[in-house]
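For reference, the structure discussed in these notes is given below.
The values are calculated or read from the model by the stated rules, or taken from the named source; none is laboratory data. The shown structure was predicted, so the numbers you read here are calculated from the model rather than taken from an experiment. Methodologically, a virtual Cβ is constructed for each residue, glycine included, from the backbone with ideal geometry; neighbour enumeration extends over all protein chains shown.
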Amino acid sequence: MHPVPSSGDGTRCVHGGRPHAGPGAPTHAGPVLSSTFDLGSGPDLPTDFYGRAGNPTWRAAEAAIGDLDGGECVLFASGMAAMGAVLRLGALKGDLVLPSDGYYLARSLALAELAPLGVVVREVPTGPPPDAAGAGLVLVETPSNPGLDVADIAAAADVAHAAGALLAVDNTTCTPLGQRPLELGADLVVASDTKALSGHGDVVMGHVSTRDPALAAALRESRSRSGAVPGPMEAWLLHRGLGTLDLRLARQAENARAVAELLLTHPAASDVRWPGLESDPAHAVAARQMRRWNGLLRFTLPSVEAVGRFLDAAQLVASETSFGSLRSSADRRARWGDAVDPGTLRFSAGCEDTADLVADVARALDSAMDSAT
């Protein structure tokens, strides 16, 4: 892999982790699908020897993502595999402090699998830095999913480090282009790459990045021991999708702003949250630490029935439970157990033409309003 000049986001997305192609070599290398590698006859193991321990396709994607995060990247088979590795690592050091309003499966994993082993799990809402006394790991998710509240990463890092704890930041909603937690003092950044990084709704993947070589080594060992390894084809698809992240994020943010501004004026919608809005309660902190906005917002419709009418009427908005993809989508989060109003929708703005998306959402909101009257 040849180094990428220190350039803009788009250049780094397109060129990160790409091989240096000599004459006759493919300029777009495909995935290395072998599960076994030639060991040679010497006493030392080669870099690649078995598919659970390493793969050159992983390393290419890790190089690209690590460059964007500003650290060393370790790929995992899913976002939850990455999160599980981070939580187990933190549990070796002390209590776990987790966001009570963040992604619900992170709490579920800690409570169901680590708490019975004696690990103390403390849940606190996203906002001011939590008390980290006795903690081995403080996890913040910012903006939180699905509430879209924002935590001050630098302040959380100061509190965690003063208590001797690690700070991990779930950066899924923001992406490395929107926010670089390692530069703000975080020890670990974790993300579900199923979402915006791959960006096409056809990959399940996750990663953790860190600037600490010892933490990176521990994560790689955990990945191999647990078998939470990505497939080479999925890693290749993730790397391929990453090339358009800069372009996708720009359109998604543009669309999110337009949809949020529509929602603020429509009587069917309430509790509209998007940190990019100057009126949003989290805007001041978000503007200070985020490099750019993204496509994820939330709002509430009057009832479950109104949500159904909205989704039925929308032609450009898919009803699905992921986000960050090319097409817009919406998900009623209460069905998954999030502590939100039954009519709350997490809305992921896609890459459609802005005017088309706004018109479609406006028609769907009118239908939702009809159902409520």
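Data table
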| quantity | calculated |
| --- | --- |
| Scope segment 13-34; condition under 28 Å from the mean Cα position of the chain (by Cα) and either within 21 Å of PRO230 (Cβ to Cβ) or surrounded by fewer than 17 Cβ atoms within 10 Å (Cβ to Cβ) (or both); matching residues | CYS13, GLY16, GLY17, ARG18, PRO19, HIS28, ALA29, GLY30, PRO31, VAL32, LEU33 |
| Some residue of segment 247-258 being out of contact with any Phe, Trp or Tyr (no Cβ under 9 Å at 6 or more places or on another chain), closer than 22 Å to LEU105 by Cβ and touching a residue at least 12 places away in the same chain (Cβ under 8 Å) | no |
| Residue that is surrounded by the most Cβ atoms within 10 Å (Cβ to Cβ) [pool: residues in segment 125-147 that are over 20 Å from the mean Cα position of the chain (by Cα) and part of a strand (DSSP E or B)] | ALA135 |
| Among the residues listed as VAL169, VAL229, the single one being in a loop (DSSP other than H, G, I, E, B) and hydrophobic (A, V, I, L, M, F, W, C) | VAL229 |
| Residue match in segment 306-318 (condition: basic (Lys, Arg), crowded, with 19+ Cβ neighbours inside 10 Å and touching a residue at least 12 places away in the same chain (Cβ under 8 Å)) | yes |
| Check on LEU184, surrounded by 24 or more Cβ atoms within 10 Å (Cβ to Cβ), under 20 Å from ALA216 (Cβ atoms) and not assigned by TED's automatic domain parsing to the domain that holds GLY295 | no |
| Options ALA151, ALA191: the member that is closer than 30 Å to THR354 by Cα, part of a strand (DSSP E or B) and in the same structural domain as THR36 (by TED's automatic domain parsing) | ALA191 |
| Qualifying residue in segment 50-67 (condition: more than 25 Å from LEU197 (Cβ to Cβ), surrounded by 16 or more Cβ atoms within 10 Å (Cβ to Cβ) and in contact with a Lys or Arg (Cβ under 8 Å, 6 or more places away or on another chain)) | no |
| Candidate set: segment 103-124, residues that are touching a helix residue (DSSP H, G or I) at 6+ places or on another chain (Cβ under 7 Å) and not in a loop (DSSP other than H, G, I, E, B); chosen: the one farthest from CYS174 (Cα to Cα) | LEU114 |
| Identity of the residue in segment 82-116, touching a Phe, Trp or Tyr at 6+ places or on another chain (Cβ under 7 Å) and at pLDDT 95 or above, that ends up farthest from ARG332 (Cα to Cα) | ALA85 |
| Contacts under 9 angstrom Cβ, first residue in segment 25-46 being at positive phi, partner surrounded by 11 or more Cβ atoms within 10 Å (Cβ to Cβ) and assigned to a loop (DSSP other than H, G, I, E, B), 6 or more apart | GLY40/PRO46 |
| Residues being within 20 Å of the chain's Cα centre (by Cα), assigned to a strand (DSSP E or B) and surrounded by 18 or more Cβ atoms within 10 Å (Cβ to Cβ) - total across segment 319-373 | 9 |
| Flag if GLY201 is within 26 Å of SER319 (Cα to Cα), surrounded by 17 or more Cβ atoms within 10 Å (Cβ to Cβ) and free of Cβ contacts under 8 Å to residues at least 24 places away in the same chain | no |
| Of all residues making up segment 85-102, the number that are assigned to a loop (DSSP other than H, G, I, E, B) and surrounded by fewer than 23 Cβ atoms within 10 Å (Cβ to Cβ) | 5 |
| Residue satisfying condition, being assigned to a helix (DSSP H, G or I), in contact with an Asp or Glu (Cβ under 6 Å, 6 or more places away or on another chain) and within 18 Å of ALA349 (Cα to Cα), within set ASP312, ASP246 | ASP246 |
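Yes or no, residue by residue, for (1) more than 21 Å from ARG220 (Cα to Cα); (2) in contact (Cβ under 8 Å) with a residue 40 or more places away in the chain; (3) touching a Gly at 6+ places or on another chain (Cβ under 8 Å):
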site	(1), (2), (3)
LEU109	no, no, yes
VAL119	yes, no, no
PRO125	yes, no, no
PRO129	yes, no, no
PRO143	yes, yes, no
ASP170	no, yes, yes
GLY178	yes, yes, no
VAL189	no, yes, yes
THR194	no, yes, yes
